[in-house]
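The values are calculated or read from the model by the stated rules, or taken from the named source; none is laboratory data. Just so it is clear, the model here is predicted, and its values are computed rather than measured. Positions of Cβ are backbone-derived with ideal geometry, glycine not excepted, and every protein chain shown enters the neighbour counts.
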Amino acid sequence: MCLEKSSGRLVLIVTAFFICLALSRNCYAQITPDTTYSGVTQDTAMVKVPRAGTWVPKPADKTDTAVTEVAATDSIPDSLAKAGPFQPNPKKSGMYSAILPGLGQLYNKQYWKVPVVYVGLAVAGYFIVNNLNNYRSYRQAYVNRINNPDYIDKYTGVYDEAQLQQLQNDYSKYLDITVLITSIAYVLQVLDAVTSAHLKNFDISRDISMRMKPVIYPTGAGIGLVMNFKR
């Protein structure tokens, strides 16, 4: 029975892990090719050959090419030269958090969330270990009492067989609940990384808002819902 419960917890954890991987699949960064074009215009001035009386293209020298390249570089618009705000890839962020909790938040540059994630994992780990140790201790004592009624341990004179069995069942239930909550928290931190990546540059200024405020009507005062939109 103990092996079946342990297998069930393991299946639950593995299932949660693969769910997170499924949510963050195809999380590879998309490489956008550089579409900026800096063409080099060669000097194609025509020169006349005295004897043949024909016109041939004048070969471009290195100086003309260098000047043309500088001119092309200077002609790049300022909008292309200036990099925009950092926009994380949501799929990539979700994959990072699925592989290592907190890594997606680190990729999103939300550094304050990383300690929160690991404090939660530390608390969850403490309760999992504590419940597992108590479960094993009470179960071993109960099995020893069943096999040998005269067996003496640290619970002798404190708990009888029925109480040991009840404590064993209680801590088994606590352990299952702790593993379930930890799995849910693991999934939530992956979803948080994906959502935060989507809303990284979302405008939340006062120009776009919805709030309640007191309003005055001709017949009296009341509370109204005010919505502002950026112009």
Exercise for the section: Scan the stretch 175-199 and report the pairs whose first residue is in a helix (DSSP H, G or I) and whose second residue is among the charged types (D, E, K, R) and surrounded by fewer than 21 Cβ atoms within 10 Å (Cβ to Cβ), with Cβ atoms within less than 7 Å and a gap of 6+ or a chain change. Expected result: 176/9; 179/9
Handout entry: residue 162, sole failed condition from (1) surrounded by fewer than 14 Cβ atoms within 10 Å (Cβ to Cβ); (2) on the phi < 0 side of the Ramachandran plot; (3) not β-branched (Val, Ile, Thr); (4) not in a helix (DSSP H, G or I)
Key = (4)
Practice task
Select from the stretch 115-143 the residues that are β-branched (Val, Ile, Thr), surrounded by fewer than 16 Cβ atoms within 10 Å (Cβ to Cβ) and closer than 30 Å to residue 200 by Cα and write down the one among them that is farthest from the chain's Cα centre (by Cα).
Solution key: 123
Practice task
Could you please find all residues in the stretch 148-189 being modelled with pLDDT of 90 or more, farther than 30 Å from residue 101 by Cβ and of a type in the set (S, T, N, Q)?
Solution key: 163, 165, 166, 168, 169
Problem - Residue, nearest to residue 169 (Cα to Cα), within the stretch 140-156, restricted to residues that are among the β-branched types (Val, Ile, Thr) and part of a loop (DSSP other than H, G, I, E, B) - result: 156
